[in-house]
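I have placed the structure first, in the form of structure tokens, so that the comments after it can refer back to it.
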């Protein structure tokens, strides 16, 4: 018997992917400090994807906060991992 992905599974994955999006966004904002130290003023390429990632991650995390008490399983971890790598690639290219 094949086990399918339910709506609850997708909500759990989306919530924890929001946490990862916030972390990726903060990592995108970290070169901003070096940029401002060396007076390059090329900060828009760091701020736009970083802030977008943090805001979207916060929305995903807070709207699905009721699923934080659900237990995460291996299938959730695998989906979160693949989504996190795709998100880091998308935001990192911006």
### Query
Since residue 62 meets every condition but one in (1) modelled with pLDDT of 90 or more; (2) surrounded by 12 or more Cβ atoms within 10 Å (Cβ to Cβ), which condition does it not meet?
(2)
### Residue count, the stretch 66-94 (criterion: outside any helix (DSSP H, G or I) and surrounded by 13 or more Cβ atoms within 10 Å (Cβ to Cβ))
2
### Query
Could we say that residue 36 is surrounded by 11 or more Cβ atoms within 10 Å (Cβ to Cβ) and out of contact with any helix residue (DSSP H, G or I) (no Cβ under 8 Å at 6 or more places or on another chain) here?
yes
### Query
Which of the residues that make up the stretch 63-83 are under 13 Å from the mean Cα position of the chain (by Cα) and either in contact (Cβ under 8 Å) with a residue 12 or more places away in the chain or farther than 17 Å from residue 24 by Cβ (or both)?
79, 80, 83
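The values are calculated or read from the model by the stated rules, or taken from the named source; none is laboratory data. All values derive from a computational prediction rather than experimental measurement. Cβ coordinates were reconstructed from backbone atoms using ideal geometry, including for glycine residues, and neighbour counts include every protein chain displayed.
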